[in-house]
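Written out below as structure tokens is the structure these notes cover.
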């Protein structure tokens, strides 16, 4: 018995000691260093000093064995660490599995990849401004993404011995904006720039407004981008359907107030500048870049169905083309993509199947030869056309000398063809005779037209593709509403090609004192499509946009619309390169709401629509004259 008791006591003491050890000993090291011996690249995290002493966090990925390798730089507000970190692979292509990285090209070409957090975001020091203006009257610090890029390139070329001293800048969207900024008084080592889907003019037609109509679904972006340095404050909703959430609260200002958005500086600037005043004009990148010569070869990349920045790249191309007569350093790519889709696999756009990976074609046959030619020591000629444009409808790439240009040979001409909006829903190249007739609808802000099929829940990751592809979504639902006018041609018996920007000339009357006008140019598919039954009768938007009526005469000076008096509204639509095929029909839709993407116009003139009250919103009767037209840039044989 004594022996058993002793054994039990020993066992209990051992158990207690083991428990004590387990509780006090930490098996996790204070710091853990990943072993990267098998990795095919090395990673450097550095803080690069700017001219004012502020240090910007920068990630440098260098292929092992790199020698005389060029540098490809992206400056971003979207977390340089996240964009260059993938925890399940030892290869560089895994580390680049993130937004903004054309990873296959970067790896195959042996580039040194550099990604940097812009001022005030994530691990970079300093104060953050949304798209800090290069105009130092608006940005008195004298520091912006142009100066920071210059200082970064200067440091990189002096501190990366594996490089050949040649740097290219590249980026999508906001990072496309920082790429454009690198062209302002560029560093001598900057040899090429590729701004893709860049933010250019936030009022005219990129992220924040389109011709004065506010894109209120960007409220969550502004909120998350500016509330914290690391984007860790997230937008919330109390509705499954965003349509209901925005409609219940009324104005965009009321929605912002319900989330405490007045705490962030950029939202306050938007409320203070609803018109196209100096604040917007002096920071428009197409205007800024047009004021200086283009010294760096630049390839602007545009998505024909860009749901976020459809204005920017064509506007910069137009401005630089006018400023740089020989065009030797200016290139344009226009592809069948949504925003940023050019770096992904993209055989289709929503339900529209192009039967080829056009993103891969762009990266392999256009982007890589272009980058290699200007950045590598011994690269062959690029053989890249000044303009590479995808012709939708026929689904082929065209190599053009300029844009717009209707055909590769140049043996064609682009002729404006007005299409008249006739009563009875007819769209015709023949002008009406006699007294112009009219078409009428009632626009009720209490029942706005959804911009995509409801329920709309864009905060749900599972529904993200509905946002990316919405410009290619079927417009049949809208065409059945009584507050949407629809005008259609007979079925085509021959192909009809357009190349360029359609131009809407509306002559409209409203019973209100303000109002919006949406114009959509649509390709209506045949009732049955061989091999693709889901496309039978599909209504594909080719080009569409919105204008806020108070800015019809001057974007900087809003004025009430005289009630019951005809007014003219001129609305340039985004560029298209499209063939309407035989058996298809052309359609134009006119409406006054596009909700909740755009905030509702009260249809009663108020000083600031952001601050509109519930009692300001009223229905209005809209009358469209048959003298109204949508002018198409039709491609015809040259005479």
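Structure data summary
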quantity	calculated
Matching entry among 526, 558, 602 (being out of contact with any strand residue (DSSP E or B) (no Cβ under 7 Å at 6 or more places or on another chain), within 26 Å of residue 424 (Cβ to Cβ) and touching a residue at least 24 places away in the same chain (Cβ under 8 Å))	526
Residue within region 422-430 that is assigned to a loop (DSSP other than H, G, I, E, B), free of Cβ contacts under 8 Å to residues at least 60 places away in the same chain, surrounded by 13 or more Cβ atoms within 10 Å (Cβ to Cβ) and assigned by TED's automatic domain parsing to the domain that holds residue 498 present	yes
Where residue 274 falls short, out of the listed (1) in contact with a strand residue (DSSP E or B) (Cβ under 9 Å, 6 or more places away or on another chain); (2) without any contact (Cβ under 8 Å) to a residue 60 or more places away in the chain	(2)
Per-region count, region 25-57, residues under 16 Å from residue 120 (Cα atoms), crowded, with 17+ Cβ neighbours inside 10 Å and in contact with a helix residue (DSSP H, G or I) (Cβ under 7 Å, 6 or more places away or on another chain)	4
Criterion: assigned to a loop (DSSP other than H, G, I, E, B) and in contact with a helix residue (DSSP H, G or I) (Cβ under 7 Å, 6 or more places away or on another chain) - qualifying residue of 593, 604	604
Any chance residue 250 is free of Cβ contacts under 8 Å to residues at least 60 places away in the same chain and on the phi > 0 side of the Ramachandran plot	no
Qualifying residue in region 568-579 (condition: under 29 Å from residue 497 (Cβ atoms), out of contact with any helix residue (DSSP H, G or I) (no Cβ under 8 Å at 6 or more places or on another chain) and part of a loop (DSSP other than H, G, I, E, B))	yes
Subset of region 157-193 (residues that are farther than 30 Å from residue 571 by Cβ and part of a strand (DSSP E or B))	163, 164, 165, 166, 167, 168, 169, 170, 190, 191, 192, 193
Count of residues meeting criterion [touching a strand residue (DSSP E or B) at 6+ places or on another chain (Cβ under 9 Å) and closer than 19 Å to residue 187 by Cα] in region 36-57	5
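A quick yes/no check of all residues on (1) surrounded by 20 or more Cβ atoms within 10 Å (Cβ to Cβ); (2) more than 19 Å from residue 574 (Cβ to Cβ); (3) over 25 Å from the mean Cα position of the chain (by Cα):
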| site | (1), (2), (3) |
| --- | --- |
| 432 | no, yes, yes |
| 442 | no, yes, yes |
| 445 | yes, yes, yes |
| 455 | no, yes, no |
| 470 | no, no, no |
| 478 | yes, no, no |
| 488 | no, yes, yes |
| 499 | yes, no, no |
| 506 | yes, no, yes |
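The values are calculated or read from the model by the stated rules, or taken from the named source; none is laboratory data. A quick note: this is a predicted structure, and the numbers were derived from the prediction, not measured. Neighbour counts are summed over all protein chains in view; Cβ atoms, including those assigned to glycine, are modelled from backbone coordinates with ideal geometry.
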